[in-house]
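Peer 1: First the structure, then my questions, so here it is.
The values are calculated or read from the model by the stated rules, or taken from the named source; none is laboratory data. Remember, predicted model here, so these are calculated numbers, not experimental data. Here Cβ is always computed from backbone atoms with ideal geometry, including for glycine, and neighbour counts include all displayed protein chains. Heavy atoms of the whole protein, side chains included, go into the accessibility calculation; ligands, DNA and RNA do not. Shrake-Rupley method; radii C 1.70, N 1.55, O 1.52, S 1.80 Å.
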Amino acid sequence: MELSLRERIRAGDPEAFAELFGAHARAVYGHAARLTGDAGTAEDVVSLTFLEAWRLRDRVRPEGDSPAPEGDSLRPWLYGIASNVLRNTRRAARRHSAALARIPGRPVDRDTVPDFADALVGRMEDAERLAAARTALGRLRGAEREVFALCVWSGLSYEAAGEALGVPASTVRSRLSRARQRLRRLAEAELAARGGHRETVRSTQEGNR
């Protein structure tokens, strides 16, 4: 009898992992890119996610061992690994930034925008709202940002997101509700602040004419 993809992955079949990568690498990349705002970092997250998936292959739910929330899909499992990789990446980035800040005489650039932002925002009809939303998303608590990315952007069910994060579906539901409420407030505040800054700049420019 032919083994299922899950069974082949648990057995360490390289061809099965190639199939897994081909089926889900793009989705993992999109998840990482939306959360990091950086294409290069997202590519690194994809690589680390699949390396970690190979290391943890024996943790794949066995065939027939209670139904998975997304049917036979292994995407929630991969998203769970990617979420851990992203947490580690953010911690490493904070340590790196703190180390650089301690270097004497090094100017601190507080207005750095990710490389991808100009090209992406330039294609959007409402650039200011997009920028405000991205800033607001970055101010959410980590747990809220994760469930928002998994449920809203990646389209996972509460059950699948719960499997990815190792929490009950009810926890995912409550975190997502809080995330949406806070994101709305933060985005509105950020948009208002950007509007005030724009008016200040405009007044200054007119005064200099």
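Peer 1: Before we move on, is residue 15 farther than 29 Å from residue 90 by Cα, open to solvent by 40 Å² or more (accessible area, probe 1.4 Å), assigned to a helix (DSSP H, G or I) and of a type outside the set (Val, Ile, Thr)?
Peer 2: So residue 15 passes the test.
Peer 1: Sticking with this structure for a sec: For residue 35, work out the one condition from (1) at pLDDT below 90; (2) within 30 Å of residue 138 (Cβ to Cβ); (3) in contact with a Ser or Thr (Cβ under 6 Å, 6 or more places away or on another chain) it doesn't fulfil.
Peer 2: Condition (3) is where residue 35 drops out.
Peer 1: Return yes or no: is residue 121 within 30 Å of residue 26 (Cβ to Cβ), at pLDDT 70 or above and touching a helix residue (DSSP H, G or I) at 6+ places or on another chain (Cβ under 8 Å)?
Peer 2: So residue 121 fails the test.
Peer 1: Now for a separate question. Would you point out the residue of the stretch 53-68, among those that are within 17 Å of residue 166 (Cβ to Cβ) and in a loop (DSSP other than H, G, I, E, B), that is modelled with the highest pLDDT?
Peer 2: The extreme case among them is 56.
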